[in-house]
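The values are calculated or read from the model by the stated rules, or taken from the named source; none is laboratory data. Here the structure is a predicted model, which means the values were calculated and not measured. Positions of Cβ are backbone-derived with ideal geometry, glycine not excepted, and every protein chain shown enters the neighbour counts.
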Amino acid sequence: MGNRKRTGWHRVINGVYISGFFVVLFIALPLYWLVITSFRNPADLGSVQFWPNPWSAANYSQAFKQYDFGSYFVNSLIVTLSATALVLVFGTMAGYALGRLPMRGKFTLMVTLLMISLFPEIAVIAPLYTLLKDLGWLNTYQALIIPYTAFFLPFAIWILRNYMLGIPKEMEETARIDGAGPIRTVWTIILPMALPGVFTAGIFTFTAAWTEFLMALTFDIANNYKTIPVGIATFGSAQYIPYGTIFAASVVAVIPIATLVFIFRKFVISGLTSGAVKG
């Protein structure tokens, strides 16, 4: 009987490994093809090659020189880093208040935040455009920073609030007994212990702002303020699509997100796990 149980568990584990292998393969193959194609010679893009021969950086050179991809990259960095910083500042304070302080109407507020985070962008594009036009903010950095902060803040509050719930109250009480004020307690006790949740919220916000297209296309159409998604979409013309250049620009655009996830992967896993098990 024991052997049958062990055999059954081995089959389940083997099935999980096999499924995981195909999932990784399904994700890795398009990324591999993206990178490999970006290093092909433009004349060889139509051929089926699993390895560039010879390797060429012509697509990258064309992206930065002919299509001014460098300015799009800088614009995305300014907008994304600014929105992420604002989301983390406000999200940490709100998450602490909702997770640690006595407050009426917490459930209603959390449900409202969840509804806002699920609200489709396209439903508010027209009124936002009118508002930004009246303020004279179209084709400016704040035209994206402020809407991004408003749209991505509710989800960050959910993540940070759930992580705050997992911090032992005894740590906070000990700090108060030692004479630490509320701000010092949050800064020296709560925030260091909540760093996994902060990094998780930060990476999700960074990724969402970095890849957002609809608002960037609507509010910042001037070439000096275009972000990466909009800039790549304008590569080429109606008669010609430079696939190699698009692939090269896409590889460069993926690097910041991949770097952040790789460096802070342990914090992200910890933050997601905590958010999944805390109520």
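Which is assigned to a helix (DSSP H, G or I), surrounded by fewer than 17 Cβ atoms within 10 Å (Cβ to Cβ) and small (Gly, Ala, Ser), of ALA150, ALA143, ALA180?
Of the residues listed, the single one that is assigned to a helix (DSSP H, G or I), surrounded by fewer than 17 Cβ atoms within 10 Å (Cβ to Cβ) and small (Gly, Ala, Ser) is ALA150.
For GLU172, indicate whether it is modelled with pLDDT under 80 and out of contact with any strand residue (DSSP E or B) (no Cβ under 8 Å at 6 or more places or on another chain).
yes
Among the numbered conditions (1) touching a Pro at 6+ places or on another chain (Cβ under 8 Å); (2) modelled with pLDDT of 90 or more, tell me where SER250 comes up short.
Among (1) touching a Pro at 6+ places or on another chain (Cβ under 8 Å); (2) modelled with pLDDT of 90 or more, the lone unmet condition for SER250 is (1).
Return the total of residues in region 74-102 being under 12 Å from TRP210 (Cβ atoms) and crowded, with 20+ Cβ neighbours inside 10 Å.
Number of matching residues: 6.
Criterion first (over 25 Å from PHE264 (Cβ atoms), touching a residue at least 40 places away in the same chain (Cβ under 8 Å) and in a helix (DSSP H, G or I)) does MET110 satisfy it?
For MET110, the condition - over 25 Å from PHE264 (Cβ atoms), touching a residue at least 40 places away in the same chain (Cβ under 8 Å) and in a helix (DSSP H, G or I) - is met.
Is at least one residue of region 169-177 β-branched (Val, Ile, Thr), in contact with a Leu (Cβ under 6 Å, 6 or more places away or on another chain) and either surrounded by 13 or more Cβ atoms within 10 Å (Cβ to Cβ) or not in a helix (DSSP H, G or I) (or both)?
no
Of the conditions (1) assigned by TED's automatic domain parsing to the domain that holds GLY202; (2) within 20 Å of the chain's Cα centre (by Cα), LEU98 clears all except one; give me its number.
All conditions pass for LEU98, except number (2).
Looking at (1) surrounded by 12 or more Cβ atoms within 10 Å (Cβ to Cβ); (2) not assigned by TED's automatic domain parsing to the domain that holds ILE167, which is the one condition that is false for ASN53?
ASN53 satisfies all of (1) surrounded by 12 or more Cβ atoms within 10 Å (Cβ to Cβ); (2) not assigned by TED's automatic domain parsing to the domain that holds ILE167 except (1).
Yes/no per residue for (1) of a type in the set (S, T, N, Q); (2) in a helix (DSSP H, G or I); (3) in the same structural domain as ILE78 (by TED's automatic domain parsing); (4) under 25 Å from VAL251 (Cβ atoms):
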| site | (1), (2), (3), (4) |
| --- | --- |
| ILE189 | no, yes, yes, no |
| ALA201 | no, yes, yes, no |
| ALA209 | no, yes, yes, yes |
| MET215 | no, yes, yes, yes |
| GLY236 | no, no, yes, yes |
| TYR240 | no, no, yes, yes |
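Can you tell me which of (1) closer than 28 Å to MET215 by Cβ; (2) modelled with pLDDT under 90; (3) surrounded by 11 or more Cβ atoms within 10 Å (Cβ to Cβ) is the one LEU128 doesn't meet?
Of everything listed in (1) closer than 28 Å to MET215 by Cβ; (2) modelled with pLDDT under 90; (3) surrounded by 11 or more Cβ atoms within 10 Å (Cβ to Cβ), LEU128 misses just condition (2).
Being in a helix (DSSP H, G or I) and out of contact with any Ser or Thr (no Cβ under 6 Å at 6 or more places or on another chain) is the filter; apply it to region 50-71 and report the residue that is nearest to ASN224 (Cα to Cα).
The residue in question is SER71.
Between a first residue in region 170-193 that is touching a residue at least 40 places away in the same chain (Cβ under 8 Å) and a second residue that is in a helix (DSSP H, G or I) and surrounded by fewer than 16 Cβ atoms within 10 Å (Cβ to Cβ), which pairs have beta carbons less than 9 Å apart while being 6 or more apart in sequence or on different chains?
From region 170-193, the pairs are VAL186/MET93; ILE190/MET171.
Restrict the check to region 134-144 and report whether at least one residue is assigned by TED's automatic domain parsing to the domain that holds ALA194, modelled with pLDDT of 95 or more, under 15 Å from THR205 (Cα atoms) and not basic (Lys, Arg).
Looking through region 134-144, at least one residue is assigned by TED's automatic domain parsing to the domain that holds ALA194, modelled with pLDDT of 95 or more, under 15 Å from THR205 (Cα atoms) and not basic (Lys, Arg).
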